[in-house]
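Below is one structure, written out as structure tokens, with a few remarks after it.
The values are calculated or read from the model by the stated rules, or taken from the named source; none is laboratory data. Note that this is a predicted model, so its numbers are computed, not measured. No Cβ is skipped: glycine too gets one built from the backbone with ideal geometry, and neighbour counts run over all protein chains shown. Accessible surface is based on the protein model in full, side chains and every heavy atom, while ligands, DNA and RNA are left aside. Shrake-Rupley method; radii C 1.70, N 1.55, O 1.52, S 1.80 Å.
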Amino acid sequence: MNKTHLVINKKALRANYELIRSKLNDDCRVIGVVKANAYGTDAISVAQQLINFGVEHLAVAYIDEGIQLRNAGISKPILVFYPQIDNFKALIDHQLTPSIYSFTALAAFKDVVTKAGRAAFPVHIKVNTGMNRLGFEISELKELSKRLEDKVLNVYGVFSHFAASGTPAHRDFTRYQIDRFQQAVNHFKQDFSSDILFHLSNSSGILSYPEAAFNAVRAGIALYGYGNHPQEDRQLQPVAELFAPIIQLRTVHAGDSVGYERAFMAKKTCRIATLSIGYADGIGRIYGKGCAIVKVNGKSAPTCGNICMDTMMVDVSGVDCEEGDMVKVFGNDHSATSFDAYQQSIAYELITRISDRVPRILK
Ligand SMILES: *Cc1c(COP(=O)(O)O)cnc(C)c1O
């Protein structure tokens, strides 16, 4: 491949999945999170791979993402984290499982289920344990039980979300969230059944709080090869590898400038490579002016001047390279975290932003 592309590395995906599994009891289910096009890769092929590995449950952010998987023939249960009330009918038609996080959403969903002539429709109940984003308060669960008595809905899952499971400074807070969730679990076991999927942990929860696994976990970023600190990262393998070709090489001299706004001014003679990738492909302007590093034939090259829409320039002085060479923007031995030289963002943001314009290749 001699043009800009993103490789999805199947072996890395499998290795990350196996690592996650090794942290869990055999009866703990892994919910594979494939929202945002499987963290910027390709939702359909990643979902199919995960199913091949034995994953029984998937999760997406939006109803449309779930529909896309259904249209590709995927029939496993799919949890939708952020369903929109005005789209509930489509969710039911595609047998997706919504997160129900408020009395408003509950009433609206029950209404649509009843009108569709359905009953005991499976849902995951979202409980707020401290993230303060979405979910029922623990104090609301009694009332919630009452409103679920009519069996229009079936409590298939109960879950909550960590605010800072990747931040060691907030260990006590994370433990408090685990305690709160345990209270919710007790409530649902008593009022409903113990045959419910209880899930709290995201990737960093899986890696750092094995005691919080309950009977299911939601694995996102770790599947794609990123943890919360270098030690975790070393055990995981980046799945997405982004490549772009050098489309021109030139020498600039002291006093010459490079790119828009003349943001780079050469102080001495340098060799500049123009790559066929820019902010429209997902490499944000914050990565210009030396704030990111790419690998050219194994050697580091910093960005030079401002990132353009379709191109960016890198300084390849002293690097052996030619026009047509493929440059690794980020990938297995040069993670998105090392690309982001000053840690201005997080791997999540970098990898999910690679735009549709970049072809995906499953390898
Ligand atoms: C995105 C998301 C996850 C996955 O989190 P990771 O940190 O990527 O593992 C889990 N749960 C919810 C509710 C999410 O929105």
accessible surface per residue for the chain, probe 1.4 Å, DNA/RNA/ligands not counted, whole Å² -> 44 Å²
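Find how much the distance from Glu349 to Ala280 grows on full extension, using 0.36 nm per residue of separation minus their present alpha carbon separation; answer in nm with one decimal.
Answer, rounded to one decimal: 23.4 nm.
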Prolate/oblate/rounded call for region 10-224, Cα gyration tensor, a/c under 1.5 rounded: oblate
Calculate the translational D of region 240-362 in whole µm² s⁻¹ from Stokes-Einstein, where the hydrodynamic radius comes from the Kirkwood formula applied to all Cα pairs, the temperature is 37 °C and the viscosity 0.692 mPa s. 230 µm²/s
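Can you show me the helix-derived [θ] at 222 nm for the chain, built from DSSP H runs with n ≥ 4 at -39,500 (n - 2.57) apiece and divided by the number of residues, rounded to the nearest 500.
Per the formula, -8500 deg cm²/dmol.
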Of all accessible heavy-atom area on region 240-362, the percent that carbon and sulfur account for (1.4 Å): 50 percent
What ranking of Tyr62, Tyr260 comes out by heavy-atom accessible area, probe 1.4 Å, highest first? Tyr260, Tyr62
For Ile221, distant residues with modelled amide H under 5 Å away: Ser203
Sequence-separation-based contact order of the chain, relative, with Cα cut under 8 Å and 6+ spacing, percent: 19 percent
Once all Cα-Cα distances of the chain are split into 10 Å bins that start at 0, what whole-number percent is in each one? 5, 23, 28, 21, 13, 7, 2, 0
Cross-link candidates for Lys142: which lysines have Cα within less than 29 Å, leaving aside residues fewer than 8 places away along the same chain? Lys89, Lys110, Lys115, Lys126, Lys151, Lys189
³J(HN,Hα), Karplus 6.51/-1.76/1.60, whole Hz, each residue of region 276-282, x for Gly, Pro: 8, 7, x, 5, 5, 8, x
Leaving out same-chain residues fewer than 8 places away, which lysines sit with a Cα under 26 Å from that of Lys295? Lys3, Lys10, Lys11, Lys267, Lys268, Lys328, Lys363
Please work out how much accessible surface Arg21 shows to a 1.4 Å probe, ignoring ligands, DNA and RNA, in Å² rounded to 10. 60 Å²
Rounded to the nearest 0.05, what FRET efficiency do Thr269 and Asp320 give with R0 = 22 Å and r taken as the Cβ-Cβ distance? Could you check? 0.85
Placing +1 on each Lys and Arg Cβ and -1 on each Asp and Glu Cβ in the chain, then taking the dipole about the Cα centre, the residue among Tyr224, Asn132, Pro122 whose Cα reaches farthest towards the positive end is Tyr224
Simple spin-label model, 7 Å along Cα-to-Cβ: Thr167 to Ile361 in nm? 4.0 nm
If I stretch the segment between Asn154 and Asp256 completely, what's the gain in nm (0.36 nm per residue apart, minus their alpha carbon distance), one decimal? 29.9 nm
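Of all the accessible heavy-atom surface of region 1-110, with the other protein chains kept in place and a 1.4 Å probe, what percent is carbon and sulfur? Write out the running numbers ahead of the final one.
Numbers: 2030 of 4440 Å².
Carbon and sulfur together cover 46 percent of it.
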What number, in percent, do you get for the relative contact order of region 143-242 if the mean sequence gap of Cα pairs under 8 Å and at least 6 apart is divided by its residue count? 23 percent
Along region 320-333, Karplus-curve 3J(HN,Hα) (6.51, -1.76, 1.60; θ = phi - 60°) to the nearest Hz, with x for Gly and Pro, reads 6, 7, 9, 4, x, 4, 8, 9, 8, 6, 8, x, 4, 8
Amide H proximity to Cys308 below 5 Å, modelled H, separation 5+ or other chain, gives Tyr279, Met313
Summed over the other residues with a beta carbon less than 15 angstrom from that of Tyr342, with K and R at +1 and D and E at -1, the charge totals 0
Using Cα-Cα distances under 8 Å and only pairs 6 or more residues apart, what relative contact order does region 240-362 have, in percent? 29 percent
Got a sec to turn the phi values of region 246-251 into Karplus ³J(HN,Hα) couplings, 6.51 cos²θ - 1.76 cosθ + 1.60 with θ = phi - 60°, whole Hz, x for Gly and Pro? 6, 9, 7, 10, 8, 9
